[in-house]
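> Let me begin by handing over the structure; questions about it come next.
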Amino acid sequence: MNALSADSAILRATVPEHSVAFMEAMSGGRPFVEDGFLFFSAPENFQGAGGEAWLTAVGYPLDDRIPAWALPGAAGQAAAHSAPQDMSAFETALDKALRRTGARRCWLAGPAAPERLAGFITERDEVYILNVNAPVPARLRHVLDHIPLQLREGREFTPAHRRLWAEFMGRAALRPAVRELYARSASVVNAPGTDLRLFDAVDGKGHLAACLLLDFTPPRFCTYLIGAHSRMHYTPHATDLLFRAMLEAARREGKAFIHLGLGVNDGIRRFKLKWGARAVLPYVEAAWEEKRTVTRSSPGWASRRASGRSFGLDSDIMSALMAGGPVNKWRFALDQPRQRPFAMLWRLDKNGHTSWLGGTAHFFCCSFEQSLRRLFDKVDTVILEGPLDPDSLAEVDDAGRAVPPPGESVRDHLTDADAALLEQFLCRRRLLADGPPPSADVVRELLGRTRPWYAFFSLWTLFLEQRGWKQSVDLEIWNLARDMGKTVFGMESVAEQLASLESAPMDRIVRFARRCREWDRYRRRNAASYLAGNLEGMLGTSTEFPSRTERIIDHRDQRFRERMRPWLERGNVAVFVGSAHLLNLRRMLAEDGFSVRKVLPSWRHRLAALWNKELLR
């Protein structure tokens, strides 16, 4: 377990996670080997500076030989469907790694998880490989010979690559971690010790039609990491042409096989299968927190179970860390939101069909991904108030930044003392604040030169972000449902949503701003009630939230009722609206013949319901 063993690990690599230099560049961690398994841990200078130790474990063993599952033909296919993985050797190595590093925050990517971590699995998939001698699909052979694109290979990440990545990120439903991988590709391409290459397809006008980022560092295989194709400079089958070039390069350099990564979703899986890929290994991700920091002198550490709270990693976070792009691992660890059970949820039954109705929070401090995943496994359609794709969000942002007419800004309705108090409250540095405070210029710009509703939401967001509230339940639902292949749409158009926002009364916005000293108390009460699933407690506050007016709520409630009801009657649907709408909608749907029953996701929620006699509410 030293530098030499870590350096030699690349010679025994069998999976992309064994590409040591690449993984080191992504995670910022220190690689080491324990009993034939590769690990990455927080660098010593980070731990010594007061940071919390973390550990990434790769559960696939290093191997001196080409694994049986990677062999071509019947032998490889038989090995790929062998008996379940024996994780006993890995568990021993993991225990040693935990004891040596004292790690508390931990991640795993491997073929299975030890039994004690079964409750902390965040993702399941399969690993796909491609035989280097795989033929070009028959229907593409003639087509690819006549595509008017020039191929090139290199390591320079040019402005053209940045534009292609930006275009792709602008239209693709990417999770934050994966989006960061694309945004930071330029730095990982030239990471020391790696052999990463960009395969480009360029049209006759010099435009980049498609690009793949490939890792040729491991001696026995190469890996397809990430890629993109352009719609602005679209050429049919550009990505197929690059796949053929990838196969030719792998054969030329004596690679035994090509790693294509995970199935991810049906579309990506179909593309890989079209080229002859086959699933060879199970894949699981797990994220957990050791109950307390493990040290060499801690007795009984191996038998202690992980704590009841996982980190609630976005399901692509481990894929991001393991499959491509330079993510600063220790910063990534600190940024992960807490995972909590989703309790603001009701089950709806009618005529033998079941659906669900949930309440969202536009801003929050926790993630609910694990609960939402279990819920989305039961449905085929997810419906929200309105669209949350990048184009729609940009349209709302542009509308909010429109300068209001004279006399109609929030600043015009605040006294100088009110404005000074708000600036002082938002701009002063706090010991426990998460990040620097906004400048007074930012506050003045929002108050004086944006629409009133936009000023309110922006200032409220700045306040929450300083206190670690970086989550949006709405966006988490939208992105997770899309990633899981569900049908996702909004009940309202952007124009309808903007009309509702514009109707927020100025006096309510001004009154809320003047009461900024009460925001912390309101925030804490709001969070506690939301996590408990206590709708009445969440809304029964003396601080009047500007957008919760009868005019806004009641009008939209009726609209939502009419638009969601046909879907709810069909069943297998989860509908999410702002929590304030649930007060009326539960009653309305009961009037429409639905059985409305509160979902109690944990024993704490069930005990609270028994205490408050709310089991049937």
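> Mind ranking 348-354, 87-93 by how tightly packed they are, going by the mean number of other C-beta atoms within 10 angstrom, highest first?
87-93, 348-354
> Run the simple label-point estimate for A186 and H555 please: 7 Å along Cα→C-beta, distance reported in nm.
Rounded to a tenth, the inter-label distance reads 4.6 nm.
> Taking a threshold of 30 Å on the Cα-Cα distance, which of the pairs K205/K255; K272/K378; K96/K470; K486/K598; K274/K470; K272/K350 fall above it?
K205/K255; K96/K470; K274/K470; K272/K350
> Sketch the reach of a paramagnetic label on L144 as a point 7 Å from Cα along Cα-to-Cβ, and name the residues of segment 201-215 whose backbone nitrogen lies under 18 Å away.
It comes to 201-203, 209-215, nothing else.
> Give me the number: length gained by fully extending E115 to E445, i.e. 0.36 nm times residue separation minus the C-alpha to C-alpha distance, one decimal in nm.
Result: 113.4 nm gained on full extension.
> If you plug each phi of segment 488-498 into the Karplus form 6.51 cos²θ - 1.76 cosθ + 1.60 with θ = phi - 60°, what whole-Hz ³J(HN,Hα) values come out, in order, with x for Gly and Pro?
10, 7, x, 7, 10, 7, 4, 4, 5, 5, 5
> Through the Karplus equation 6.51 cos²θ - 1.76 cosθ + 1.60, θ set to phi - 60°, convert the phi angles of segment 26-33 into ³J(HN,Hα) values in whole Hz; use x for Gly and Pro.
Using θ = phi - 60°, the values come out as 5, 8, x, x, 9, x, 7, 10 Hz.
> Computed FRET efficiency, Cβ-Cβ of K378 and E536, R0 35 Å: what is it to the nearest 0.05?
Step by step, r from the Cβ atoms, then E = 0.85.
> Further question on the same structure: What is the set of long-range amide H partners of M491 at a cut-off below 5 Å, with H atoms built 1.01 Å from backbone N?
Excluding prolines and chain starts, which carry no amide H, the hits are L384, E385, G386.
> Grab the Cα-Cα distance for D398 and D349, subtract it from 0.36 nm times how many residues apart they are, and report the gain in nm with one decimal.
13.6 nm
> Still on this structure: Residue by residue through segment 409-425, which ³J(HN,Hα) values in whole Hz follow from phi under the Karplus form 6.51 cos²θ - 1.76 cosθ + 1.60 (θ = phi - 60°), with glycine and proline marked x?
These are the phi-based 3J(HN,Hα) values: 8, 4, 4, 5, 10, 9, 6, 4, 5, 4, 5, 5, 4, 5, 4, 4, 5 Hz.
> Can you tell me the length gained on complete extension of the stretch Q424 to E408, counting 0.36 nm per residue apart and subtracting the Cα distance?
3.5 nm
Every number in this text was worked out from the coordinates using simple rules, so none of it is lab data. Here the structure is a predicted model, which means the values were calculated and not measured. Cβ sites come from the backbone with ideal geometry, for glycine too, and all protein chains shown count toward neighbours.
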